[in-house]
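J.: Got a structure for you, questions after.
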2 protein chains.
Amino acid sequence: MTPVTTDLDQFLTAYDERIRGELFDFLRIPSVSARSEHDADTSRAAEWTADALRAAGLDASVHSTAGHPVVLGEWRGAPGKPTVLIYGHYDVQPAEPLDLWTSPPFEPTIRDGRIYARGSVDDKGQLFLHVKALEAHLAVRGVLPINVIVLAEGEEEVGSEHLESFIEANAERLACDAVVISDSAMFAPGLPSILSSLRGMAYFQIDVQGPAQDLHSGSYGGAVVNPAMALARILATLHDTEGRITIKGFYDTVEEWPSAVREQMGGLPFDEEHFRAEVGAPALGGEKGHTVLERLWTRPTCEVNGLLSGYTGEGAKTVLPAKAMAKVSCRLVPNQEPVEIERLMKAHVESVAPKGVNVTVTHLHGGRPWRAELNGPLFDAARRALASAFGREPVITGEGGSIPVVGDFARILGAPVLLVGFGLPGENAHAPDEWMSVENFTKGMRAIAMLWDELGA
Amino acid sequence: MTPVTTDLDQFLTAYDERIRGELFDFLRIPSVSARSEHDADTSRAAEWTADALRAAGLDASVHSTAGHPVVLGEWRGAPGKPTVLIYGHYDVQPAEPLDLWTSPPFEPTIRDGRIYARGSVDDKGQLFLHVKALEAHLAVRGVLPINVIVLAEGEEEVGSEHLESFIEANAERLACDAVVISDSAMFAPGLPSILSSLRGMAYFQIDVQGPAQDLHSGSYGGAVVNPAMALARILATLHDTEGRITIKGFYDTVEEWPSAVREQMGGLPFDEEHFRAEVGAPALGGEKGHTVLERLWTRPTCEVNGLLSGYTGEGAKTVLPAKAMAKVSCRLVPNQEPVEIERLMKAHVESVAPKGVNVTVTHLHGGRPWRAELNGPLFDAARRALASAFGREPVITGEGGSIPVVGDFARILGAPVLLVGFGLPGENAHAPDEWMSVENFTKGMRAIAMLWDELGA
C-alpha cells in the first residue's frame, strides 16, 4: 500500500514552510494554564488560535469562562452533510525543570526529525494540524465536504474544569454527528492508531483511626490495635495471589472485549522486556492469564496511590500511630460504574476491618470507562483516511488512563467520539524535551484532510 | 502494717519546709537539655546539683562531656560496706506548649497535694529526694551505713548520648555493688512498686522499590507491581489472626516469667476498660491468651511506627509510587537478642517479598531487654524499706518501654540494678502540667533513707 497524493497534499506540500513557521509562532506562546503569571500568554494563545481559524476560512469566536477562554471555529456551508466537532487544547504543561531541556521549551527547534518544544505534541501541534487540514480544503476547493466546529480549550492541563458546563450551556450550538480528537499517540512509528478505549476511575481514601492520639510504642505496644498494621492487613486483602481483585462483585459487570480486537491487540509489536526496562522494575506483575497490554487496556485495577502513618522522617521514633491513611484507586473498564464500585469497596473494607480501629472509606472522585464504537461510518472513514496517509492499515489500541472530557462529549452531545492521535511513545508530553515527529505532523495533517473527504462522501 | 518512724524521719519532718524550698529552687532552673538556648540553664542545674550534694555532706564534682556535664557525688566512709550508685538526671523535657500549663512550668506550685512543675517527677524531684535521704543520714548520724556514688546526668531527655562512654571511661571509680534508680512510677497511689523488667528493641526500616520513578497509575497500572501494595502484603504477614508474630523463630528464646511474678501481676488493681478509655480506641487488641498487663510487660511485639508512599496530600493524585517505606519495631523480652531478631526479620521479609520489587530491611537500632533479679539482698532490702515507708508491701511491676542506660550500668559495672520510682500514673512526665505527689516525695525520701539502713545492716 502506498500513500495517495491529492490536491490537498499538493497544497500542504507547497506551503509546508509557511505552515511550519506558523506552528512555531504558536509554540512560542508560553500558554501555561497552571500558572497565573502566564494568564496573559494563555489569553494570547486563545486569540492566536481564533486568528488561525479565521485565516483558514472559518468564523471564529473567543468565549470567556470562569477560567481560561474557549475558542470556537465554525464552518457550516455544507447543508445535509455531517457536522464534525474537532476538540483540542491550546494550553500547555509547565516547562519546569528548565535545566533539563536541550533547547529552550518555548523556542521550537527541529533535531533528528522532531519538533522540540513545550506543547509540540500536547496539544498545539495536533490542534494546529487540524486547522491546516481545514485550510487546505477551503483554500484549494473553497468549500469543506462537511460542516465543522472546532472547539479549543485552555484548561486541559488543569483538569478542564469549565469545559463540561460550557458544552452543556452550548449544547445546541455544538450539536454534531461526530467528535474527533487528536491528543493521543500512535502505538509505534509508522503505525497509525485509533484509540478504542479509556479506563474509568473510582478513587478512594481509606482512613484508619485507632487510639485518640499517638502513643508510646513501648508503654502501649502489644495491647492496642496498631492502625498502620490494620491498614496494611486491609490493603493486603484487595488482591489474591494471582493478581485478581477480591472485592466481591468487582468483575460482575466487566464486559469481555470482542475477540477480533483482542486478537489484533495480540499482534501489536510490543516487547514486554523493553516495557519492563522502561519502567525500571525488576519484574512486571499483574493479573494472571492476561498479556501486559490486556492488563493495561482491558482489565480493571486496584492500586495504592499513597500511604501515610506515624513517623516518616529519618531514623527511629517509637510511636504507635493514632491513625493511618491510604489513597486507593480502581481503574475501571466497561461496564463498571464508579458508584457501584464505591458500594462494593466500602462493603469489602467493612467486612475485613479489624476490631479495635475505626475505618472509613471516602470516594474522592470517579469517572466512567469509555469504549469506542468500532463499527460504523466514522470508524470506517478514519481507517481509510489513515491508511491513505500512512500507507498502512491503522491498528486499534487502548489506553489505561482516563480522559473525562471524552465521556462528557459522548454523553452531552450524543455523538460518537473518534480518538486519532499522532504522538509517539517517548514524546515526553509532560516532561522536559517534549517533541512531535515532523513526519507525523505532516502525515497527520494529510490524514485529517482526507478524513473529511471520506466522511463527506 | 503501719509506717515506721525513725530518727531520719524526724529530721526530714523537721526540715520539711526547707527541703521543699530547695526542691522548688531546683525546679525553677529551666534545664531543657534539648534546647541550646537553655545550655547555660542546664550547666547551672549541674552546678546546683553538685552544691546540693556538697551541702548534704558528699564530695561533688562536675565532669564536662561532649554534651551536658555529668555530676558525681561521693561518700566513701564506710569501708567494708556495700557501695551503691544512685543514678538520676537533672535535665528536663521542653515545656512547650506553654499555653496548656495551668501554672508556669518553671514556677513550682502546689495544688491538691501535687507539685506542678516541669521536672517535678522526671526526674528532679526523684533525684532530689535521694540527695535529701543522704543528707538525713549524714546530718543526724554523721555517717552513712553504705558507700555512695551519686551520678546525675544532663542528657537523659536527649538520649543519654555521652553516658555510656562516661561510665566506661570511669568504670573503676564507679565500681559498685548495686545501682539504684528512681525515674519511674508506682503502679497506683499508695502502692509502692519495684520495676522488674524493661523490654528491649529492634527497630527496622523496610524499603520497597518498584519502578525507577513514579508512574501514571492509568498508563501503567495493572502491569507493574505496586510497591505500596507489596509493602502492605509484607506487613500483613507479620502476625497471625490471633495476634502472634509469625516470624519464624521469633519466640524461640522467650523465657517464661516465674509463675509467682505472673500471679502477683494478675492481682494488680488494673481495669482494662479504664485503660481502653484512656487510650481512646474502640477496643483493645493483642496476642490471645494473655492479659493486657502481660501483653505490655512480658510479651514481645512487632509494631508499624510509620508508613510513607506516593501521594499523601489532600484529594487525589493518580500515581503508581516508585517506592514505599515502613518503620517497624519489635519490643523484645528476655532472652531475645536484637541481633538475632534482625536476622529473623530479614529472613522473614525476604521469604514473603513479592517479585517485581526490591525490598531492603535496615536495622536502625536495637537494645537488649532487661529483667531484674528478684531475689537477693538488694531486692529484699528494697521491699522492707518500701513497706516501712508506705505501710504496705510493694508490688512487682513491669515496663513495656526501654531504658537503655539500665543495660549499660548492668553490663559495664556488673552490678544489679534496682528500679524503684515514686511517680504516679497520669503524672504528665513529658506533657504540660507535669506533677509529683507531695506524699510520694515525702514517703519516697523516707523509703530511700531506710533502704541504706537495710543495705548497710
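Please treat every number below as a calculation from the coordinates, not as lab data. In this text the structure is predicted, and so the values were computed from the model without any measurement. As a convention, Cβ positions derive from the backbone with ideal geometry for all residues, glycine included, and neighbour counts pool all protein chains shown.
J.: Given 4 °C and 1.567 mPa s, how large is the Stokes-Einstein diffusion coefficient of segment B:272-413 in µm²/s, with Rh as the Kirkwood radius over Cα pairs?
T.: Rounded, D is 67 µm²/s.
J.: Let me ask something else about it. I'd like the Kirkwood hydrodynamic radius of segment A:201-359, using the inverse of the mean 1/r over distinct C-alpha pairs, in Å.
T.: 18.0
J.: Assuming R0 = 56 Å, what is the FRET efficiency of A:Gln10 and A:Gln213, from their Cβ-Cβ distance, to the nearest 0.05?
T.: Efficiency at R0 = 56 Å is approximately 0.15.
J.: Hey, what number do you get for chain B at 222 nm if only DSSP H runs of n ≥ 4 count, each worth -39500 (n - 2.57), divided across all residues, to the nearest 500?
T.: Using -39500 (n - 2.57) per qualifying helix, the result is -10500 deg cm²/dmol.
J.: Counting other Cβ atoms within 10 Å, keep those with at most 13, restrict to DSSP loop, and tell me which chymotrypsin sites (Phe, Trp or Tyr not before Pro) in segment B:141-232 are left.
T.: Here no chymotrypsin sites (Phe, Trp or Tyr not before Pro) fit, given the DSSP loop and packing criteria.
J.: Computed on alpha carbon atoms, what radius of gyration and Dmax characterise segment A:401-445, expressed in Å?
T.: For segment A:401-445, the Cα radius of gyration and maximum Cα-Cα distance read 13.9, 38 Å.
J.: Say a label goes 7 Å from Cα toward Cβ at A:Ala277 in every copy; what distances in nm does this one have to the rest, shortest first?
T.: 6.7
J.: One quarter of the convex hull surface, Cα atoms only: what value does that give for segment A:84-171 in nm²?
T.: On the way: hull surface 30.4 nm².
Spelled out: convex hull of the Cα atoms, projected over all directions, averaged, 7.6 nm².
J.: Rank-order A:123-131, B:387-395 by packing density, defined as the average count of other C-beta atoms within 10 Å over each peptide's residues, highest first.
T.: Sorting A:123-131, B:387-395 by mean packing, highest first, produces A:123-131, B:387-395.
J.: What ratio of Cα Rg to 2.2 N^0.38 Å holds for chain B?
T.: 1.09
J.: Let me ask another. Whole angstrom only: what separates the Cα centroid of segment A:177-247 from the Cα centroid of segment B:167-230?
T.: What the calculation gives is 29 Å, centre to centre.
J.: Additional query: Evaluate the Debye formula for segment B:1-129 with equal point scatterers sitting on the alpha carbons, no solvent, and hand back log10 of I(q)/I(0) at q = 0.11, 0.12, 0.15, 0.22 Å⁻¹, in q order, two decimals.
T.: Reported log10 I(q)/I(0), two decimals: -0.46, -0.54, -0.81, -1.38.
J.: To continue, here is another question. Between A:Glu314 and B:Ala188, what FRET efficiency follows from the Cβ-Cβ distance if R0 is 56 Å, with the result rounded to 0.05?
T.: Computed FRET efficiency for A:Glu314 and B:Ala188 comes out at 0.90.
J.: Could you order peptides A:91-98, A:400-407 by the average number of other Cβ atoms within 10 Å of their residues, highest first?
T.: The densest-packed peptide leads the list: A:400-407, A:91-98.
J.: Once amide H atoms are placed 1.01 Å from N in the peptide plane, what residues at a sequence separation of 5 or more from B:Val179, or on another chain, have their amide H within under 5 Å of its amide H?
T.: B:Leu85, B:Val417, B:Leu418
J.: If each of B:Arg141 and B:Glu161 carries a label point 7 Å out from its Cα toward its Cβ, how far apart are those two points in nm?
T.: Distance between the two pseudo-spin positions: 4.2 nm.
J.: Let me ask another. Can you compute the FRET efficiency between B:Ala171 and B:Gln264 using 1/(1 + (r/R0)^6), with r the Cβ-Cβ distance and R0 = 41 Å? Round to the nearest 0.05.
T.: Result of the calculation: an efficiency of 0.70.
J.: If a helix is a whole DSSP H run, which ones in chain B reach 18 Å or further along their own axis (Cα) and hold a mean Kyte-Doolittle hydropathy of at least 0.5?
T.: What comes out of the filter, once short or polar helices are dropped, is B:377-390.
J.: For segment A:162-264, go through all pairs of different Cα atoms, get the mean of 1/r, take its inverse, and jot down that Kirkwood value in Å. It would help to have the intermediate numbers written out before the result.
T.: On the way: mean 1/r = 0.0492 Å⁻¹.
About 20.3 Å, per the Kirkwood formula over Cα pairs.
J.: For segment B:368-434, build the convex hull from the C-alpha positions and give me its volume per residue in Å³. Working shown, then result.
T.: Values: hull volume 7.9 nm³, N = 67.
Residue-normalised Cα hull volume stands at 118 Å³.
J.: Moving on. With the alpha-carbon atoms as the only input, what is the per residue convex hull volume for the protein assembly as shown in Å³?
T.: Numbers: hull volume 166.1 nm³, N = 914.
Value for the protein assembly as shown: 182 Å³ per residue.
J.: Next up: Would you mind working out the magnitude of the charge dipole of the protein assembly as shown relative to its Cα centre, with +1 at each Lys and Arg C-beta and -1 at each Asp and Glu C-beta, to the nearest 20 Debye?
T.: Rounded to the nearest 20 debye, it is 1560 debye.
J.: Taking the alpha-carbon centroid of each part, what is the distance from segment A:399-445 to segment B:57-106 in angstrom?
T.: So the separation of the two Cα centres works out to 72 Å.
J.: How about segment B:218-322: which trypsin sites (Lys or Arg not before Pro) there lie in a loop by DSSP and see at most 12 other Cβ atoms within 10 Å?
T.: Loop-located and lightly packed - B:Lys248, B:Lys288.
J.: Could you please report the charge total around B:Leu344, scoring K, R as +1 and D, E as -1 over all other residues with beta-carbon less than 13 angstrom from its beta-carbon?
T.: So the environment of B:Leu344 carries a net charge of -2.
J.: Further, regarding this structure: Counting only other chains, what is the mean number of Cβ atoms within 10 angstrom of the Cβ of each residue in peptide B:311-322?
T.: Numbers: counts 5, 9, 3, 2, 5, 11, 5, 9, 6, 6, 6, 3.
For this peptide, the per-residue mean of nearby foreign Cβ atoms is 6.
J.: Of all alpha-carbon pairs in segment B:158-213, indicate the percentage at a distance above 15 angstrom. Mind showing how you got there, number by number?
T.: On the way: 1161 of 1540 pairs.
Here the long-distance tail beyond 15 Å is 75 percent of all Cα pairs in segment B:158-213.
J.: Quick one: work out Rg over Rh on the C-alpha atoms of segment B:206-255, Rh as Kirkwood radius.
T.: Radius of gyration relative to Kirkwood radius: 1.19.
J.: Where does the charge balance sit around A:Leu58 when Lys and Arg score +1, Asp and Glu -1, over other residues with C-beta under 10 Å from its C-beta?
T.: Numbers: positive: A:Arg54, A:Arg76; negative: A:Asp59, A:Glu74, A:Glu135.
Once all neighbours under 10 Å are counted, the net charge is -1.
J.: Further question on the same structure: Which order do the peptides B:178-185, A:153-160 come out in when sorted by mean C-beta neighbours inside 10 angstrom, highest first?
T.: Those peptides, ordered most packed to least, come out B:178-185, A:153-160.
J.: What are the nm distances, shortest first, from B:Glu256 to its equivalents in the other copies, labels at 7 Å along Cα→Cβ?
T.: For B:Glu256, the inter-copy label distances come out at 6.1 nm.
J.: Given Cα positions, please report Rg to Rh for segment B:265-355, the hydrodynamic radius being the Kirkwood one.
T.: Values: Rg = 18.2 Å, Rh = 16.8 Å.
Radius of gyration relative to Kirkwood radius: 1.08.
J.: What is the distance, in nm, between label points placed 7 Å from the Cα along the Cα-to-Cβ direction at A:Thr241 and at B:Val254?
T.: 2.6
J.: Sticking with this one: In which sequence would B:Tyr116, B:Tyr311 go, from the one with the fewest C-beta neighbours within 10 Å to the one with the most?
T.: Lowest count first: B:Tyr311, B:Tyr116.
J.: Counting only DSSP beta bridges with both residues in chain A, what percent are antiparallel, rounded to the nearest 5?
T.: Around 70 percent of the beta bridges assigned by DSSP in chain A are antiparallel ones.
J.: Mind pulling up the Rg/Rh value for segment A:321-383? Radius of gyration and Kirkwood radius, both on Cα.
T.: 1.24
J.: Net charge around B:Val148, counting only other residues with Cβ within less than 12 Å of its Cβ (Lys, Arg = +1; Asp, Glu = -1)?
T.: -2
J.: Only Lys, Arg, Asp and Glu count, each charged at its Cβ (+1, +1, -1, -1), so figure out the dipole size of chain A about its Cα centre, rounded to 20 debye.
T.: The calculated dipole for chain A is roughly 920 debye.
J.: Across peptide A:325-334, how many C-beta atoms of other chains are within 10 Å of each residue C-beta, on average?
T.: Mean partner-chain Cβ count within 10 Å for A:325-334: 4.
J.: How shielded is B:282-290 by partner chains, expressed as the average number of their Cβ atoms within 10 Å of its Cβ atoms? Could you put the intermediate results ahead of the total?
T.: Values: counts 8, 7, 6, 12, 7, 2, 0, 0, 2.
Neighbouring Cβ atoms belonging to other protein chains average 5 per residue here.
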